[in-house]
Structure formats: C-alpha cells, structure tokens
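Enquirer: I'd like to ask you about the structure that follows.
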Amino acid sequence: MYLNHIIWIIIIFILSVLQTSWPDILRVQGVIPDLGLIMVIYFALFYGEERAMFTGVFAGIYQDIASNTTLGHHVLCLVITGFIFGKLSGRLISEHPAIKSALVFAGALLHGILFNLIVYLQDPYTNLFYVIFINTVPSAFYSALMTPIIFWLLQQIFRITDLFSIYPSGK
C-alpha cells in the first residue's frame, strides 16, 4: 500500500519536472504537452476522482511555483478537472486509446478555459479568446497526442505497484 503511494508521488514529481524542463527538441512551435493534466485524467479514469484530485493538488502546486503564477490557479483548475472526469469515468467505456486521447483533449480545453478565465478576471484587459486559441488549443492537441505514451508508461509502472497494494485500480 505504501509503495503505491510513494511511487505515485514520485511519478507526479518526475512528470511535473519534465513538463517544466521539456527539451527544446520536443517543443513544437513553443507548445508543450500538459503532463500534469494527463496524470490527472489518468488517475481519474483508473483510480477515481479522489486520487485525481490529489494528483491535481500536487501537480498544480508545482506548476504554480514553476510558472510564477499566483499559487492556487493551476491547483483549482486541475482539481476541478480531476473531479469532473473522475465522476464521468464510472459512466464511460474508455478502453480505446482514441477515447482516452479525446478525454485528455477535452480535459485540457476545460483546464485551459478555467485557467484563462481566472487570469482574465484578475486582468480584464487581456484578450481571453486570443489566449485560448493561441495557447490552450495547441497544448490540448499536443497533450492528446502524448496521451497513449504517457498512459502506457503509467500503466506499466502501476501494474507492478498494484500487485503490492490492497487498493488496486477500481475502474
């Protein structure tokens, strides 16, 4: 049980650091995938909304600190996204990789719209729709493209740790 939690926190930290230090060769026109969001959707689908929301808290705190934004913006957006997709996961058949990618795309759009709306409410002179179409949509596409790789990697890691856990994935 404790091994699963320790590995979970280590994975969140590693993927959060990887997101903030994404190699330039993998950037596409300055766009990087949102690995924190991919983790939140993964845990929402396979472990439920509680694990997804805690993942959103940890990944969001790191993203807020690394991106020099007000502490709590990413946390709030990731927790809301994790809760919504965790509740939806019980009603969806999400075994196909295209469905998982579509869910990550939808989650990235939701996260981006929530985040940019919060920023817009703090500074109403920013162009909300321009930021959404220039930053959020390309990042959502890139995150959706990275989904099968990240999901496969996480499944391989947690398949091993679930053998030692009394709380295996329940979805």
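Enquirer: Can you tell me how many residues in the stretch 140-149 are touching a Leu at 6+ places or on another chain (Cβ under 7 Å) and surrounded by fewer than 18 Cβ atoms within 10 Å (Cβ to Cβ)? I'd like the intermediate steps shown before the answer.
Expert: Step one: of the stretch 140-149, the residues touching a Leu at 6+ places or on another chain (Cβ under 7 Å) are 140, 143.
Okay, now just the ones that are also surrounded by fewer than 18 Cβ atoms within 10 Å (Cβ to Cβ), so none.
Of the residues in that region, 0 qualify.
Enquirer: Right, next: Only one of these conditions is not met by residue 6: (1) surrounded by fewer than 23 Cβ atoms within 10 Å (Cβ to Cβ); (2) modelled with pLDDT of 90 or more. Which number is it?
Expert: Answer for residue 6: the failing condition is (2).
Enquirer: Out of (1) of a type in the set (A, V, I, L, M, F, W, C); (2) at pLDDT below 95; (3) out of contact with any Leu (no Cβ under 9 Å at 6 or more places or on another chain), the odd one out for residue 54 is which?
Expert: (2)
Enquirer: If I filter the stretch 86-108 for residues that are in a helix (DSSP H, G or I), surrounded by fewer than 16 Cβ atoms within 10 Å (Cβ to Cβ), touching a residue at least 60 places away in the same chain (Cβ under 8 Å) and not polar (S, T, N, Q), do I get at least one hit?
Expert: No; the residues of the stretch 86-108 include none that is in a helix (DSSP H, G or I), surrounded by fewer than 16 Cβ atoms within 10 Å (Cβ to Cβ), touching a residue at least 60 places away in the same chain (Cβ under 8 Å) and not polar (S, T, N, Q).
Enquirer: Here's another thing I want to ask about it. Can you confirm whether the stretch 26-33 contains a residue that is under 19 Å from residue 102 (Cα atoms), of a type outside the set (D, E, K, R) and loosely packed, with under 14 Cβ neighbours inside 10 Å? Even if it seems obvious, please write down each step before you answer.
Expert: The initial filter retains those residues of the stretch 26-33 that are under 19 Å from residue 102 (Cα atoms), namely 31-33.
Imposing the further condition that a residue be of a type outside the set (D, E, K, R) reduces the set to 31-33.
Narrowing the set further to residues that are loosely packed, with under 14 Cβ neighbours inside 10 Å leaves none.
Among the residues of the stretch 26-33, not one is under 19 Å from residue 102 (Cα atoms), of a type outside the set (D, E, K, R) and loosely packed, with under 14 Cβ neighbours inside 10 Å, which makes the answer no.
Enquirer: From 48, 60, which residue is among the small types (Gly, Ala, Ser) and closer than 20 Å to residue 156 by Cα? Let's see the steps before the verdict.
Expert: Working: 60 fails: closer than 20 Å to residue 156 by Cα.
After ruling out the rest, the residue left standing is 48.
Enquirer: Let me confirm something: among 82, 60, 72, which residue is under 25 Å from residue 21 (Cα atoms) and either among the aromatic types (Phe, Trp, Tyr) or surrounded by fewer than 20 Cβ atoms within 10 Å (Cβ to Cβ) (or both)? It would help to see each step written out before you state the result.
Expert: Numbers: 82 fails: either among the aromatic types (Phe, Trp, Tyr) or surrounded by fewer than 20 Cβ atoms within 10 Å (Cβ to Cβ) (or both); 60 fails: either among the aromatic types (Phe, Trp, Tyr) or surrounded by fewer than 20 Cβ atoms within 10 Å (Cβ to Cβ) (or both).
Only one candidate passes the filter, namely 72.
Enquirer: Is there any pair with a first residue in the stretch 150-167 that is at positive phi and surrounded by 17 or more Cβ atoms within 10 Å (Cβ to Cβ) and a second that is at pLDDT below 85 and of a type in the set (Lys, Arg) whose Cβ atoms are under 9 Å apart and which are 6 or more apart or on different chains, and what are they?
Expert: none
Enquirer: Here is a further query. Suppose we filter 118, 160 for residues that are modelled with pLDDT under 90, assigned to a helix (DSSP H, G or I), aliphatic (A, V, I, L, M) and farther than 18 Å from residue 48 by Cα; which single one remains? Before the answer, list the steps.
Expert: Numbers: 118 fails: modelled with pLDDT under 90.
Step by step, each of 118, 160 is checked, and only 160 is modelled with pLDDT under 90, assigned to a helix (DSSP H, G or I), aliphatic (A, V, I, L, M) and farther than 18 Å from residue 48 by Cα.
Enquirer: Step by step: first the residues of the stretch 116-139, then only those that are in contact (Cβ under 8 Å) with a residue 40 or more places away in the chain and within 16 Å of residue 106 (Cβ to Cβ), then the one that is surrounded by the most Cβ atoms within 10 Å (Cβ to Cβ). Which residue is that?
Expert: Among residues in the stretch 116-139 that are in contact (Cβ under 8 Å) with a residue 40 or more places away in the chain and within 16 Å of residue 106 (Cβ to Cβ), the one surrounded by the most Cβ atoms within 10 Å (Cβ to Cβ) is 139.
Enquirer: Only one of 12, 25 is over 17 Å from the mean Cα position of the chain (by Cα) and not hydroxyl-bearing (Ser, Thr, Tyr). Can you tell me which? Before the answer, list the steps.
Expert: On the way: 12 fails: over 17 Å from the mean Cα position of the chain (by Cα).
Sole residue among the options that is over 17 Å from the mean Cα position of the chain (by Cα) and not hydroxyl-bearing (Ser, Thr, Tyr): 25.
The values are calculated or read from the model by the stated rules, or taken from the named source; none is laboratory data. Being a predicted model, the structure only gives us computed values, none of them experimental. Virtual Cβ from ideal backbone geometry, glycine too; neighbours counted across all protein chains shown.
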